[in-house]
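The values are calculated or read from the model by the stated rules, or taken from the named source; none is laboratory data. Computed from a predicted structure; not experimentally measured. Here Cβ is always computed from backbone atoms with ideal geometry, including for glycine, and neighbour counts include all displayed protein chains. For the accessible areas, the whole protein counts, side chains as well, though only heavy atoms, and no ligand, DNA or RNA atoms are used. Shrake-Rupley method; radii C 1.70, N 1.55, O 1.52, S 1.80 Å.
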Amino acid sequence: MSKPVETGQIIDIDILRYRPEEDKKPFTQTFEVPYTEDMSILEALQHIKDHLDSTISFRWSCRMAICGSCGLMVNGVPKLGCKAFLRDYYPKKISLEPLANFPIERDLVVVMDDFIKKLEEIKPYIIPEKTGDKKCLSEGPHKQTPEQMAKYKQFSMCINCGLCYAACPQYGLDNKFTGPAALALLARYNRDSRDFGEAQRMKIVNQEEGVWGCTFVGYCSVVCPKGVDPAAAIQLLKVESSKDYLIGMFKPE
Amino acid sequence: MSENKEKTYIRSHEPVFWGLFGAGGMLTAFLTPVMILITGLLIPLGIIDKGNFNYQTLHNFATTWFGAAVILVLVALPLWHTLHRIFHALHDLGVKRGRDWQMVFCYGFAFAVSVFVFTLLLQMF
């Protein structure tokens, strides 16, 4: 990391800390960080870990909004640390907290197991027409028109950062809800012309914990750093689920 | 570590209520402002002639099949919309007790008023 230009300006950063082996409950610790205009919140955290307090824990990897590791609450809003900059808050202080709606593991690190479980549950892979009917590699690739690709591409941009789960009030009230990212990913595979798993996935969609747990608040789409728009994906799935309900009335299993 | 037990999926009946909610929402958004404009502003201000809205003309309108259908739809659907929203708002506000009864009261009220308006219009013929 290149040395920041010293300007003498300081920004206060409040961090919610929790070290399970020594703290009974989370507490706030304030750090004074030298302010530069191009410094991201993630860089500020790295400055704190390198120069002020090496015990602080946070997740990060790519520094460029690709990996989805550095999600956290910045002044109560779910954001990626690498995509949020000090200049948008300076000279006011910044408060950093772990992602809402998830249990805290340590400091700014949350337990994401429930989210990962939900991603796995929706069968996030292409399911071929019939098992044993798989196209052989020698037969060439599965072709797709730009129109067929446009149907799902937006929903495939998710980086699993979990910001939408921290934003979702329904997930906060009841974490049985499948949630925005998993449902958007489900829509991504159901809308893919190469996939034949829709019947299997509609069972998940049709449940109360599926799309019907959503009340279209839309905050998931506001906070999404990749423009996936999970709220739209869920609304589209609600239409599909309604069609499925009508068909199910005349053709019970 | 994967569970061998096949997960059972329970289908939600929400599509019925969501459909009525959606239809009612469209009406509420597009037609209610127009109705308020006509009955609340344009008639009192005399821009639309009051004579068109006396009891006899409205009664004549309500006793045609077309008129009766319009009135039923305009009353019933926004009501289903409203009570669906109230039902979900109770959940959002954290009122956890008696979800079943909340559902019975909310949708029961919308259903009862729909039936009431339907019979009222029917007996006017």
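Pairwise over distinct Cα atoms, reciprocal of the mean inverse distance: report the Kirkwood radius of the protein assembly as shown in Å, one decimal place.
Numbers: mean 1/r = 0.0401 Å⁻¹.
Kirkwood hydrodynamic radius for the protein assembly as shown: 25.0 Å.
Sparsely packed loop sites in segment B:31-125 (the trypsin sites (Lys or Arg not before Pro) outside DSSP H, G, I, E and B with at most 12 other Cβ atoms within 10 Å) comprise B:Lys96, B:Arg97. Which value at 222 nm does chain A reach when only helices count, each DSSP H run of 4 or more adding -39,500 (n - 2.57), with the total divided by all residues and rounded to the nearest 500 deg cm²/dmol? One gets -8500 deg cm²/dmol as the mean residue ellipticity at 222 nm. Label-to-label distance, A:Phe196 versus B:Ile38, with points set 7 angstrom from Cα along the beta-carbon direction: 5.4 nm. Cysteine residues of the protein assembly as shown whose C-beta has no other cysteine C-beta under 4.7 angstrom: A:Cys70, A:Cys82, A:Cys136, A:Cys158, A:Cys161, A:Cys168, A:Cys214, A:Cys224, B:Cys106.
Annotation for segment A:1-82: GluC sites (Glu not before Pro) lying in DSSP loop with at most 12 further Cβ atoms inside 10 Å of their Cβ are A:Glu6, A:Glu21, A:Glu22, A:Glu37. With a 10 Å cut-off between alpha carbons and a GNM built on chain A, which of A:Val74, A:Val217, A:Val205 moves the most? Result: A:Val217 has the largest fluctuation of those listed.
Per residue of B:67-79, what is the mean number of Cβ atoms on other protein chains within 10 angstrom of that residue's Cβ?
On the way: counts 0, 0, 0, 0, 0, 0, 0, 0, 0, 0, 0, 0, 0.
For peptide B:67-79, the averaged partner shielding equals 0.
Rounded to the nearest 0.05, what FRET efficiency do A:Asp50 and A:Arg19 have when you use their Cβ-Cβ distance and R0 = 22 Å? Efficiency for this residue pair is about 0.70.
Nearest 100 Å² is fine: how much accessible area is buried between A and B, summed over both sides, with a 1.4 Å probe?
1600 Å²
In segment B:12-29, comparing the full protein assembly with the chain on its own, the residues that lose 30 Å² or more of accessible surface at a 1.4 Å probe are B:Ser12, B:Glu14, B:Pro15, B:Trp18.
Convex hull volume of the Cα atoms of segment A:135-253, normalised per residue: 129 Å³.
Among the residues of segment A:233-253, those with an accessible-area drop of 50 Å² or more from chain alone to full protein complex, heavy atoms and 1.4 Å probe, are A:Tyr245. Rolling a 1.4 Å probe over the heavy atoms of the protein chains gives the protein assembly as shown an accessible area of 59 Å² per residue.
Each peptide in A:76-82, A:45-51, B:26-32 gets a packing score, the mean of other Cβ atoms within 10 Å over its residues, and the list from highest to lowest is A:76-82, A:45-51, B:26-32. Among the residues of segment A:150-180, those with an accessible-area drop of 40 Å² or more from chain alone to full protein complex, heavy atoms and 1.4 Å probe, are A:Leu173. Surface composition of the protein assembly as shown: carbon and sulfur atoms hold 61% of the protein heavy-atom accessible area at a 1.4 Å probe.
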